[in-house]
Amino acid sequence: MSIMDEQVETTNKQFPRHKLFSRELALLMYGFGDSISPLPESVDVLEDILVDFINSTCVQAATISGRKNKIQVEDFKFVLRKDPKKLARVEELLAMNKEIEVARTLF
């Protein structure tokens, strides 16, 4: 077991999962072709996968950061550098966020 696995494992023990994304995931599943009300077990499995991904990505970004309690956007970009689709989506969302901020300052 690597250090990363141990960190993720301890993080999972500290924060029990409380169906954070169940409603949204059920709607996404329906949007991608599942039934209008997918099985709760399916939603739970998908939520476990999602929370594990978010958790491991955050742990990797914190490890790379080198700064104590300070993770920056560049750290997440570095973690996602090998996955061009996810990296492109992050950059797209950051560009949209800048556009929204500029629009807010105009009004």
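The values are calculated or read from the model by the stated rules, or taken from the named source; none is laboratory data. Computed from a predicted structure; not experimentally measured. Every residue, glycine as well, gets a Cβ built from its backbone with ideal geometry; the counts of neighbours run over all protein chains shown. With ligands, DNA and RNA removed, areas are computed over all heavy atoms of the protein, side chains included. Shrake-Rupley method; radii C 1.70, N 1.55, O 1.52, S 1.80 Å.
If we scan the stretch 92-104, do we find a residue that is of a type in the set (S, T, N, Q), in contact with a helix residue (DSSP H, G or I) (Cβ under 8 Å, 6 or more places away or on another chain) and within 29 Å of H18 (Cβ to Cβ)? Scanning the stretch 92-104 turns up no residue that is of a type in the set (S, T, N, Q), in contact with a helix residue (DSSP H, G or I) (Cβ under 8 Å, 6 or more places away or on another chain) and within 29 Å of H18 (Cβ to Cβ). If you take the residues in the stretch 57-92 that are in contact (Cβ under 8 Å) with a residue 40 or more places away in the chain and among the β-branched types (V, I, T), which one is least open to solvent (accessible area, probe 1.4 Å)? Among those residues, the one meeting the criterion is V59.
One residue stands out among those in the stretch 34-56 that are over 9 Å from the mean Cα position of the chain (by Cα) and among the charged types (D, E, K, R): the one that is most open to solvent (accessible area, probe 1.4 Å), which is E41. The C-beta contact set for the stretch 25-52 (first residue free of Cβ contacts under 8 Å to residues at least 12 places away in the same chain, second residue surrounded by 12 or more Cβ atoms within 10 Å (Cβ to Cβ) and not in a helix (DSSP H, G or I), distance under 8 angstrom, 6+ apart or interchain) comprises Y30/P38.
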